[in-house]
Structures are given as structure tokens and as C-alpha cells.
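Engineer: Below you will find the structure I want to go over with you.
Readers should treat all values here as calculations from the given coordinates under stated rules, not as data from a laboratory. Every value quoted in this text rests on a predicted model; they were computed, and no experiment measured them. Heads up, the Cβs are rebuilt from the backbone with ideal geometry, glycines too, and the neighbour counts pull from every protein chain shown.
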Amino acid sequence: MFGDSAIILRKLLQLRLLVLGALICFLWLLDTLSTWPVNYPVILLIIGSGMAWSVWHLWRKRDAGRPQDVLRELILDGVWLALVVYWSGRSENPFIYYFLVLIAIAATVLRARSAWLFSLIGVVVYTGFLYLDIKNHFAHMSADYQFHLLGMWVNFCGSSLVTCYFIAKLAASLRSHQAQLSRAREETLQNEQLIGIGTLAASTVHALGTPLSTLTVLLGEMRHNADTAEKREDIDLMLTQIGRCKDTMQKLSMLAEQEREAPKSEPVAQLVAALSEHYAILQPLHPPQIHCVPGCAQQPVAHSLLLRHALINLIDNAVEAARSLVRVDFQHSDATLRITITDDGPGMPHYVSERWGKPQNTGKDSGLGIGVFLANSTIERLGGTVAIGTLDGDTAAAAEGGLTRIIVTLPLLKASTGENPRN
């Protein structure tokens, strides 16, 4: 459906009232100035029912403007038009050409298949009227008038087909252009959010440098003056944590440098080894189970520290939510790497799954709600996708059978050139 269906429905009803009102004025002039035989009571009954139906729907405003509502009103317009034309001259009545307007509207607001079906119905109706006139009155008409009626029929058929074809093409192009604009707006907003987050991260790193250095000096003096081994152990632990903070700040600087360099490739096995080493250090007792099928290990993928941290972020979320199981599986098919992160946690809240990949408030006490957004943005920039679903690829949110699965897909690179084979 092109545009807002509720607006289209309201405009259709208003157009019908305008056309039926103009038709009443035309019938009054016809009755006054012509002796053309017209069944006025039946036609006025048809027009009155159409106006009453339209006024009632405009007044109650209960229709949500669904695509089926628009199709229903177009069909009713076609039925009323066919009845009016049938009782006022059939193929001799030029008012049947209003069907071309309905065909143009159908081609604009409906799917191409529905528009073509609507156009075919119009041609069939006109052909039926012409057949009845040929059967009953054609022999009594002059040759010029016979040629005129056949010419009107040919013109109607050709106009309906041309109108449906070109307007349907134009409408499809407009829909595609509108979708591209929507995607561009979303990407622009996402880039603005990423720039804001990056600026905040850079300023935070700069602000943390001085207090961390100060704490290191103070803790060094405290350790030198400590009078018990227990105090020295506690101070060593604090110094270790400060060292981790400094390492993290240094990695942020490395990430910025890497993004300015030309992209490189690495085998999937190297990515798996980096993740395994990371969790062997941080969680030696209960690390995630990371598996890579043999045929996938040597497949080339884009080398990116941002990608590693994005996957670490997603795996960390699974580790925090899991009861006992976190499993990361690396598989590939054709030119795509598939990473499935599975945990046996309680599942994802509905409000979180609906806004997956967007900045949002998290249910965790210590979370800022931007980790998944940054991970999703990073993977999308590398040509991949992140989805919540099952191993079969369903994108229905959250947990099925007690297992929550995050599915990451990434394009594999050509081994010789390091290029994306999809480009």
C-alpha cells in the first residue's frame, strides 16, 4: 500500500461523493434538455445508496484504513458505476470511462496483481455491455455509429491496459524511492547517535586518564607503607583492576586507528581463538562453549577489532542471562558466516525484543542500554545482520523451549583479494 491507507480511504469516499453529486446534476440536465431514455428511479436509488454509504463511513470514522478497506471501496465504486451505466445506455454511455480513473487509483494504491485484476474486470464489464448492445440493437445502428461504439471499446481497453501498466510502474518506483529515503534517514540518525556515543567515549577516556594515574601513584605508596600481607594483596588487586581499565582505554585508541586503515582479512579460526582467549582469561571457571566446524575455520572474514568487541558484547549479555549454558557456534554456507549465540536464560522481555538493535533502557541494574545498539551497528557496517530467533532462522523474538538465540550473519571474503564476494 502506497502512502497512508486511512488518508487514501477518506479521499476515495470524498471523491465518490463529488462524482455522485456531479452525476445528479448531469441527470437533471439530461432530463431537462434531452429525451434520452433513462431509468431515473433506479439510477437515483443507486446514487442515493452510494452517497449514504460514503457519508456513513466518513461520519463514523471507525475504519482503520486497512488495504482491504481501500480495495473494498474501489470494488463498490466499480459496482455502482456498472449499475449506473447499465441503466443508462450501457456501451453508448461515455460515463463508463470513469472506470479508467478507478483503474489509475487501483494501480497507484494497490499491489500490481490487484490492479491488473481490477483493470481486467473493467474490460470484461465494458465488453459485456457492448455484447448486449450488439445482440439487441447493433443491426439497427448506422455503420458510422457501429464504428464509433467499437472505437470506444478499443480505446477503453487500450487506455485501461496502458494506464494500469505505467501507473503501476511509477507507483512501484515511488515506493522503492520512499523505502530508500526511509533507510537513509535511519542510517543518518544511527550515524548521529554513533558519533555522539563516540564523542562521549573519547571524552570519558580523556577524563579517566588523570584519576587512574593518580590512583596508581597513591596505591603504590600505600603498598609500600602497608604493614600486613593482606593489605598488600588488596592493593595489588586494586592495581590490577586499574591496569585493566588502562588496557581498555588503550584498546579504544587502537580501534580508532584501525578504522582509519584499509580493511584486512583473517581466517575464522583466528577470530574464534581470540574469543576463546578472551574468555579463558576473564572467566576461566565457566567460559562459553565456542565451537567452529572444520570447514568453516579457514574461511576468510573481515579483520576488525570492532567486530570482536561487538561479538564479546553479545556473548557477555548471554553469559549474564544464562543459568548454566552459553554456546557459540560458527558455521558457514556459500558466502555467509553464521554465528549463533545460545543461552538457557529466562528469555528476553517483549519490550526489549521489539526495540532490538536500538538504544533503549535495559533491564540490568548496571547496564546503559547501548551495548547491543553498538554491536548491531558495527555488524551492519560490515555487511552483516543481527537477529533474535531460532536456529532455523525465524525472527520471532525471545525464547523458545528455554533457549534464547542471537543469530549473527557476516559476509565471507574472497581468499585471494580480501573482497566481499557479494560486491
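Engineer: Would you grab the residues whose amide H sits under 5 Å from the one on ILE290? Only those 5+ places off in sequence or on another chain, please, with H modelled 1.01 Å from N.
Structural biologist: VAL328
Engineer: Hey, another quick one. So for segment 5-185, averaging the separation of alpha carbon pairs under 8 Å that are six or more residues apart and normalising by length, what relative contact order in percent results? Walk me through the numbers on the way to the answer.
Structural biologist: Values: 131 pairs, mean separation 40.4, N = 181.
Relative contact order of segment 5-185: 22 percent.
Engineer: If you don't mind, another one. Around LEU337, which amide H atoms from residues at least 5 apart in sequence, or from another chain, sit under 5 Å from its own amide H, with H modelled in the peptide plane?
Structural biologist: It is LEU410, LEU412, by chain and number.
Engineer: Can you pull the one-decimal nm distance between simple spin-label points at ALA269 and VAL55, each 7 Å off the Cα toward Cβ?
Structural biologist: Computed distance between label sites ALA269 and VAL55 equals 8.1 nm.
Engineer: Moving on to the next point. May I ask you to sort THR127, THR248 by Cβ crowding, counting other Cβ atoms within 10 Å and putting the fewest first?
Structural biologist: Values: THR127 14, THR248 11.
Ascending number of Cβ neighbours within 10 Å: THR248, THR127.
Engineer: Could you give me the ³J(HN,Hα) list for segment 18-35, computed from phi with Karplus coefficients 6.51, -1.76, 1.60 and θ = phi - 60°, whole Hz, x at Gly and Pro?
Structural biologist: Going residue by residue, I get 5, 5, 5, x, 5, 5, 5, 4, 5, 5, 5, 5, 5, 5, 7, 9, 9, 10 Hz, with x marking Gly and Pro.
Engineer: At 0.36 nm per residue, and after removing the present C-alpha to C-alpha distance, how many nm does the segment from HIS177 to VAL42 gain when stretched out fully? It would help to have the intermediate numbers written out before the result.
Structural biologist: Details: separation 135, 0.36 × 135 = 48.60 nm, distance 4.62 nm.
Answer, rounded to one decimal: 44.0 nm.
Engineer: A follow-up question, please. Enumerate the calculated ³J(HN,Hα) couplings along segment 110-116 in order (Karplus 6.51 cos²θ - 1.76 cosθ + 1.60, θ = phi - 60°), each rounded to whole Hz, writing x wherever the residue is Gly or Pro.
Structural biologist: Computed from phi, the couplings for segment 110-116 are 10, 5, 4, 5, 5, 5, 5 Hz.
Engineer: Taking the beta-carbon count within 10 Å as an exposure proxy, list ASP344, ASP234 from fewest neighbours to most. Show your work: numbers first, answer last.
Structural biologist: On the way: ASP344 18, ASP234 15.
Fewest-to-most Cβ neighbours within 10 Å comes out as ASP234, ASP344.
Engineer: Provide the FRET efficiency to the nearest 0.05 for the LEU403-GLN68 pair, computing r from the beta carbons and using R0 = 60 Å. Kindly include the intermediate steps, with their values, before the conclusion.
Structural biologist: Working: r = 37 Å, r/R0 = 0.62.
Working from the Cβ atoms, E equals 0.95.
Engineer: If you stretched the chain out fully between SER34 and ASN225, how much longer would it get, using 0.36 nm times the residue separation minus the C-alpha to C-alpha distance?
Structural biologist: Values: separation 191, 0.36 × 191 = 68.76 nm, distance 11.69 nm.
Length gained, SER34 through ASN225: 57.1 nm.
Engineer: Given a Förster distance of 56 angstrom, what is the FRET efficiency for PHE95 paired with LYS414, based on the Cβ-Cβ distance and rounded to 0.05?
Structural biologist: On the way: r = 64 Å, r/R0 = 1.14.
So the FRET efficiency works out to roughly 0.30.
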